[in-house]
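**Q** Quick one: this structure, given as structure tokens, is what I'll be asking you about.
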Protein chains: 2
Amino acid sequence: MTTVGNLAPTIGVFDSGFGGLTVLRALIQRLPQARFAFLGDTARLPYGSKSRRTIARYAAQSAQFLVREQGAEFLVIACNTASALALDAIQDAVPVPVLGVIEPGATAARAASRTGDVLVIATDATVHSHAYAAACRAHGLRALEKACPLLVPLVEEGWTDHSVTAEVIRIYLQELTAEAAAQGLNPDTLVLGCTHYPLLRPLIESVIAHGVPAGIRVIDSAQATAEMAFRLFGRQEFESLPGHTILSTCLDERVGGDTAHPTEIRCFATDSVEKFERLGSRFLDRPVGKVELVDLGG
Amino acid sequence: MTTVGNLAPTIGVFDSGFGGLTVLRALIQRLPQARFAFLGDTARLPYGSKSRRTIARYAAQSAQFLVREQGAEFLVIACNTASALALDAIQDAVPVPVLGVIEPGATAARAASRTGDVLVIATDATVHSHAYAAACRAHGLRALEKACPLLVPLVEEGWTDHSVTAEVIRIYLQELTAEAAAQGLNPDTLVLGCTHYPLLRPLIESVIAHGVPAGIRVIDSAQATAEMAFRLFGRQEFESLPGHTILSTCLDERVGGDTAHPTEIRCFATDSVEKFERLGSRFLDRPVGKVELVDLGG
């Protein structure tokens, strides 16, 4: 058995809360040999209700913590709001490649859609940014976005398989497809544009299977992000990202091979470690272990 | 017509967000001649997911803004989390009387309850603080508290008269009364321990009228707080509050009389003025007008 030792790259994963643990879960499945440092800026969540300037400042501080103090060589911004509003600011703040969740979601939608019309559900802040619509447009897709602010609290309440949640999803999707029809769109793809929504995927697919809306394929942007991270590692495509020069070694070699090596995960939060530890394991699908408290100021 | 002129006292009202506008609405009804300065610390909401230390620091800064920069002579903490976790810290930070929302809610419950057993619904953070249970116990009441984390998002979604919301309320109240029965309690009073809940009062009373749970009287802690503020003004009972010495004039005289004098209201927020202005009028039941952005740091 070979050991990856110090060669194992550290991937920093950042979210305003702990929803991004669904992205970490998908990353672990794709890159099980990497080291992961996850930071939830729980003291300052939700980013969604804050201004672009504030979000950029918070996200840059968080990214710097992961790179400077945890040695992250690659950052995944597992937060739709920060990806939508602060990706440039984060990239400016750190000298490593940064991948957000929106571009991978749009890329996966492009691959999935035949009609070229896609639906996006997300939080209010993500929708207001129109970041998915812009990313989809760059891929030649027409996207209709809808804010679904009840879905995050329903997930956090644990009602991921509940009749009330199914009814809320049905109402949201009915409103969204009615609006799509009114705009002359013919959507065949639904992008889950929030890191909490992967936990609702079975229920969403069940609502869709019952005809509302019919025959729509679901794209999970958490999974799409892990896929893109995996491809970046495998194909040495980091040149396509800014900040790639720090990667002196091909990360692909450093995460390949030793599948028996356990994944190393460290989780950090800026506040409310208790809620993080209590709910986090549901999102990560394994115990999050001891969450370490860090103070980023503010 | 007499004019109150500079005599009209300024009452500072503070919340982490804009839910506390329901308390301001109740205060305006009771003290229409006062000046009001409302601050929503929207850049740092929700307080509920933060630690006591963090909440105390944020709340003290906010209180100081209202007193030092807006000239508030009396503070109402229209935020259950701050009232539960930081009332002492706020009182230490400012030299004026401070009234929270929890003690008035418990006082009103004491007046309403015959059995001495009360139910309290609130956010997760308020319930975890057990502040209502402690305040009720001090009045000789037994209180059973339940976190209802879906109700705030349902109010903010505007679903205050929606079948989904009625179903959620029914589920929460069924769970709560089942737990009360299991503990041998005989509750006859339900305290709404969150500033968003007054907007759900008609729906909650409708669910109760349909038998779940039967014959429970609803206490709205926003209204109870305004009542207590009114009594404090009227009876010069400020001696019962710390920090009363700054009130050199009996406030009662300064708010009485000229009912034609329009209430002066200034609203401040630390971020997200747009959402505040959009949703705030629903809570205040009148236009909130131009919300002024302030920077408290952090």
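Please treat every number below as a calculation from the coordinates, not as lab data. Quick caveat: nothing in here was measured; it's all calculated off a predicted structure. Cβ sites come from the backbone with ideal geometry, for glycine too, and all protein chains shown count toward neighbours.
**Q** Quick one: compute the contact order of chain A, relative version, from alpha carbon pairs under 8 angstrom and 6+ residues apart, as a percent.
**A** That works out to 27 percent.
**Q** A follow-up question, please. Taking neighbour Cβ counts within 10 Å as the exposure measure, how do A:225, A:123 sort from fewest upward?
**A** The order, fewest Cβ neighbours first, is A:123, A:225.
**Q** Using a 7 Å offset from the Cα along the Cα-to-Cβ direction at both residue A:53 and residue B:182, what is the distance between the two label points in nm, to one decimal?
**A** It works out to 5.0 nm between the two label points.
**Q** Compute the acute angle (0 to 90°) between the alpha-carbon long axis of helix B:21-30 and the principal axis of greatest extent of the alpha-carbon atoms of chain B; round to the nearest 10°.
**A** Rounded to the nearest ten degrees, it is 70.
**Q** Something else: What number, in percent, do you get for the relative contact order of the stretch B:103-221 if the mean sequence gap of Cα pairs under 8 Å and at least 6 apart is divided by its residue count?
**A** Result for the stretch B:103-221 is 33 percent.
**Q** Here is a further query. Excluding residue B:119 itself, what net charge comes from residues whose Cβ is under 12 Å from its Cβ, given Lys and Arg +1 and Asp and Glu -1?
**A** -2
**Q** I would also like to ask the following. Using a simple spin-label model with points 7 Å from Cα along the Cα→Cβ vector, what separation in nm is obtained for residue A:264 and residue A:278?
**A** Result for the modelled spin labels: 3.2 nm.
**Q** Subtracting the Cα-Cα distance from 0.36 nm times the residue separation, let me have the gained length for residue A:130 to residue A:88 in nm, one decimal.
**A** So the extension gain works out to 13.5 nm.
**Q** Shortest first and in nm to one decimal, what separations exist between residue A:134 and its copies in the other chains, measuring from label points 7 Å along the Cα-to-beta-carbon line?
**A** Distances between equivalent label points, in nm: 4.7.
**Q** Now for a different question. Which peptide among A:198-208, B:71-81, A:155-165 comes first, and what is the full order, when sorted by highest mean count of other Cβ atoms within 10 Å?
**A** The most tightly packed comes first, giving B:71-81, A:198-208, A:155-165.
**Q** Follow-up question, since we're still on this one. On a 0 to 90° scale, report how tilted helix B:221-235 is relative to the longest principal axis of chain B, with both axes built from alpha carbons and the result rounded to the nearest 10.
**A** Tilt relative to chain B: about 40 degrees.
**Q** So, one more: For the stretch B:54-69, take each phi angle, set θ = phi - 60°, evaluate the Karplus expression 6.51 cos²θ - 1.76 cosθ + 1.60, and give the result in whole Hz per residue in order, putting x for glycine and proline.
**A** Working through the residues one at a time gives 5, 4, 4, 5, 4, 5, 5, 4, 5, 5, 5, 4, 5, 7, 6, 9 Hz.
**Q** Considering amide H positions built from the backbone, and no H for Pro or chain starts, which residues 5 or more places from residue A:37, or on another chain, come under 5 Å of its amide H?
**A** Long-range HN contacts for residue A:37: A:11, A:12, A:13, A:266.
**Q** Along the stretch A:122-139, what does the Karplus equation 6.51 cos²θ - 1.76 cosθ + 1.60 (θ = phi - 60°) give for ³J(HN,Hα), rounded to whole Hz, x for Gly and Pro?
**A** Result, ordered by residue: 6, 6, 4, 5, 5, 5, 4, 6, 6, 5, 5, 4, 5, 5, 5, 4, 5, 9 Hz.
**Q** What is the order of A:107, A:42, B:115, fewest Cβ neighbours within 10 Å to most?
**A** Ranked by crowding around the Cβ, least crowded first: B:115, A:107, A:42.
**Q** Provide the net charge surrounding residue A:184, with neighbours chosen by a C-beta distance below 14 Å and charges set as Lys +1, Arg +1, Asp -1, Glu -1.
**A** -1
**Q** Cα centroids of the stretch A:35-56 and the stretch B:157-176: how far apart, whole angstrom?
**A** Using only Cα atoms to place each centre, the spacing works out to 30 Å.
**Q** Also, quick follow-up: Just to confirm a number: summing +1 for Lys and Arg and -1 for Asp and Glu over residues other than residue B:63 whose beta-carbon lies under 13 angstrom from that of residue B:63, what do you get?
**A** Taking every other residue near residue B:63 into account, the sum is -4.
**Q** Take residue B:206 and residue B:162, extend 7 Å from each Cα along the Cα→Cβ direction, and tell me the distance between the two endpoints in nm.
**A** Placing both labels 7 Å along Cα→Cβ, they lie 1.4 nm apart.
**Q** Would you kindly derive the ³J(HN,Hα) couplings of the stretch B:76-86 from the backbone phi angles with the Karplus curve 6.51 cos²θ - 1.76 cosθ + 1.60 (θ = phi - 60°), listing them in order in whole Hz, with x for Gly and Pro?
**A** After applying 6.51 cos²θ - 1.76 cosθ + 1.60, I find 10, 8, 8, 9, 5, 5, 5, 5, 6, 10, 9 Hz.
**Q** Taking amide H atoms as placed 1.01 Å from N in the peptide plane, list the residues 5 or more away in sequence, or in a different chain, whose amide H sits under 5 Å from that of residue A:118.
**A** Correct list: A:142, A:143, A:144.
**Q** Okay, moving on. Considering only DSSP beta bridges with both partners in the stretch A:103-221, what is the antiparallel share in %, to the nearest 5?
**A** 0 percent
**Q** Report, ordered by chain and residue number, the lysines lying within cross-link reach of residue A:275, taken as a straight Cα distance under 24 Å and ignoring same-chain residues fewer than 8 apart.
**A** A:50, A:290, B:50, B:146
**Q** So who's got an amide H within less than 5 Å of the one on residue B:194, skipping anything under 5 residues away but keeping other chains? H placed 1.01 Å off N, in plane.
**A** Under 5 Å from the amide H of residue B:194: B:221.
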